[in-house]
1. Going by the conditions given, is ILE276 in contact with a Phe, Trp or Tyr (Cβ under 7 Å, 6 or more places away or on another chain) and either open to solvent by less than 50 Å² (accessible area, probe 1.4 Å) or without any contact (Cβ under 8 Å) to a residue 40 or more places away in the chain (or both)?
2. Do you know which residues across the stretch 146-171 are open to solvent by less than 40 Å² (accessible area, probe 1.4 Å), over 11 Å from TRP122 (Cα atoms) and within 12 Å of ligand 2 (Cβ to nearest atom)?
3. Residue check, THR163 against (1) modelled with pLDDT under 95; (2) under 18 Å from the mean Cα position of the chain (by Cα), all met but one. Which one?
4. Test TYR138 against the criterion of being hydroxyl-bearing (Ser, Thr, Tyr) and under 22 Å from the mean Cα position of the chain (by Cα), and give yes or no.
5. Quick one: how many residues across the stretch 126-143 are away from ligand 2 (no atom under 16 Å from the Cβ) and closer than 22 Å to SER214 by Cβ?
6. Just to verify a result, which residue in the stretch 187-210, among those that are among the aromatic types (Phe, Trp, Tyr) and within 21 Å of VAL22 (Cα to Cα), is surrounded by the fewest Cβ atoms within 10 Å (Cβ to Cβ)?
7. For the stretch 62-117, which residues satisfy the criterion of being under 29 Å from the mean Cα position of the chain (by Cα), closer than 17 Å to GLU51 by Cβ and small (Gly, Ala, Ser)?
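The values are calculated or read from the model by the stated rules, or taken from the named source; none is laboratory data. The structure presented is a predicted model; accordingly, all values stated were derived computationally and were not measured. Don't worry about glycine lacking a Cβ; one is built from the backbone with ideal geometry, like all the others, and counts go over all protein chains shown. In case anyone asks, the SASA skips ligands and DNA or RNA and just uses the protein heavy atoms, side chains included. Shrake-Rupley method; radii C 1.70, N 1.55, O 1.52, S 1.80 Å.
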Amino acid sequence: MNQIHRSILYNIDPIGIETGLVESLSSYLIRISYEHNIQVGHLVNKLVVPEMHKDYLARSSIYGGNSFYEGAKTINGYTNNSIELVCVLERLTTRRDLLNLTLLKLKDLVPLRNLLKETFSWCPECIKKWNVEHKIIYYPLIWYLKPIKICIEHKCYLIEKCTSCTKKIDILRRKMIPGHCPNCFNLLIQDQLRKEINQQEWQWHSFVYRNIESLIGLKPSEIFTQENISNQLNDINNNLFSDNINSFAKFLSIPKSTLRAWAKSENIPTLDGLLIICYKLETTIFDFLTKSWENIDLNHQIEKKNINKDKAIRRKLDLTSIESRLKEALIYEPPISMASTARIIEHDKRILYSNFPDYCKQISKRYKEYINQKSKQRIEELKKEIEKAFYYLVNEGIYPSSEKIQNKSNKKGLLKERILQEYWKDLLAQENFYRRKGRSSNDE
Ligand SMILES: [Zn+2]
Ligand SMILES: [Zn+2]
């Protein structure tokens, strides 16, 4: 006999599953209450809380307490309270896809710190449009993420205060109607002039938006972990920075201790941190996590790409001419990277690699050796500077402390790099300074 599971609540479809505009769990709860013509508060008290079997929540709901709504700040995240709410709503609606309305898929990738906004923010233009077009008004999950400040479609900032009553809006309240302020019940649209986004802000915020959008829309087969992050950081450090974490940290403009902890998996970058890494590397989070960094070089990341990739791919390939130009690239002095080669030849690097793998590998190898050699050269030059300052001080009868050397050579942080610090210590040992220093301090 077939057992029929009848749902207690209407089985309404969440919006935008597996897209960057997927609905949030809080929005679904608000909409489902609205569809049943009851208040969120009633739905929570009568159906959700009893199912959650949490004594303190049950007591709190009887006495009009706020526990459920206080916990609701992280309702769209991935903590136990959101997972539990998903389970309850799935039971009540007989749906199986409501985990998609939370950030569960990011659980192993980004920490909760700085991930979610404290209060609701929204795009007034989206709400206006859905309202005018008689579409379902809902709140996308992406609006709740702290780094998200804009709506990419309407090229405007999200707003966080109702323009009618000027109040901020909690993530979840007892009385909430989709698209309306729970304080004054006006539509959450904005009639005043909106604040323009300047070019620089747009560049960053649209980058952030595109990346988070693609993370939110990930399919279950593409889930990433923090291990992916540290592996890739180590690969990049090896391939692009000749294993010099200091210059990598400098390139990213973050403290090297922070980067080191990320690379060693001792700490995880917040979503902001991950975005900054990718922004500096001019890559997307998805590419950062998935691509091989072996044949990529730094030049390619720093210089702006001028060629239109798609156009270059579509253009007919003249293989003979490409081959001769690759041969030319192999004798350029100083050696150039594959990214520069691709730019000069005006064909996508991937196309060059797939047609002429040997030439490309040679070019890349030659460039890497050149970069290695240059970084060695740089170290040698700095050593000379240290040596010069060191003996100058010694001749003046001054103890060549790291501070004195840095002042003399006019290079702050010169001795921070381990290899240079060791060189300085060697000099000290060579000149018997450890002993001498001890004596001089006794003299004082
Ligand atoms: Zn919008
Ligand atoms: Zn209001």
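1. On the way: in contact with a Phe, Trp or Tyr (Cβ under 7 Å, 6 or more places away or on another chain): no; either open to solvent by less than 50 Å² (accessible area, probe 1.4 Å) or without any contact (Cβ under 8 Å) to a residue 40 or more places away in the chain (or both): yes.
It is false that ILE276 is in contact with a Phe, Trp or Tyr (Cβ under 7 Å, 6 or more places away or on another chain) and either open to solvent by less than 50 Å² (accessible area, probe 1.4 Å) or without any contact (Cβ under 8 Å) to a residue 40 or more places away in the chain (or both).
2. CYS165 - this is the single residue of the stretch 146-171 that is open to solvent by less than 40 Å² (accessible area, probe 1.4 Å), over 11 Å from TRP122 (Cα atoms) and within 12 Å of ligand 2 (Cβ to nearest atom).
3. Going through (1) modelled with pLDDT under 95; (2) under 18 Å from the mean Cα position of the chain (by Cα) one by one, THR163 breaks only (2).
4. no
5. Taking the stretch 126-143 and keeping what is away from ligand 2 (no atom under 16 Å from the Cβ), we get 126, 129-130, 132-136, 138, 140-143.
In the following step, the residues that additionally are closer than 22 Å to SER214 by Cβ were identified as 126, 138, 140-143.
Count: 6.
6. So the first thing to find is which residues in the stretch 187-210 are among the aromatic types (Phe, Trp, Tyr), and the list is 202, 204, 207, 209.
Pick out the ones that are also within 21 Å of VAL22 (Cα to Cα) and you get 207, 209.
Numbers: PHE207: 15, TYR209: 21.
Ranking the qualifying residues of the stretch 187-210, first place goes to PHE207.
7. GLY71, ALA72, SER82, listed by residue number.
Let's see how each residue does on (1) under 20 Å from THR284 (Cβ atoms); (2) touching a Cys at 6+ places or on another chain (Cβ under 9 Å):
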residue	(1), (2)
ASN183	no, yes
GLN192	no, no
PHE207	yes, yes
ILE212	yes, no
LEU215	yes, no
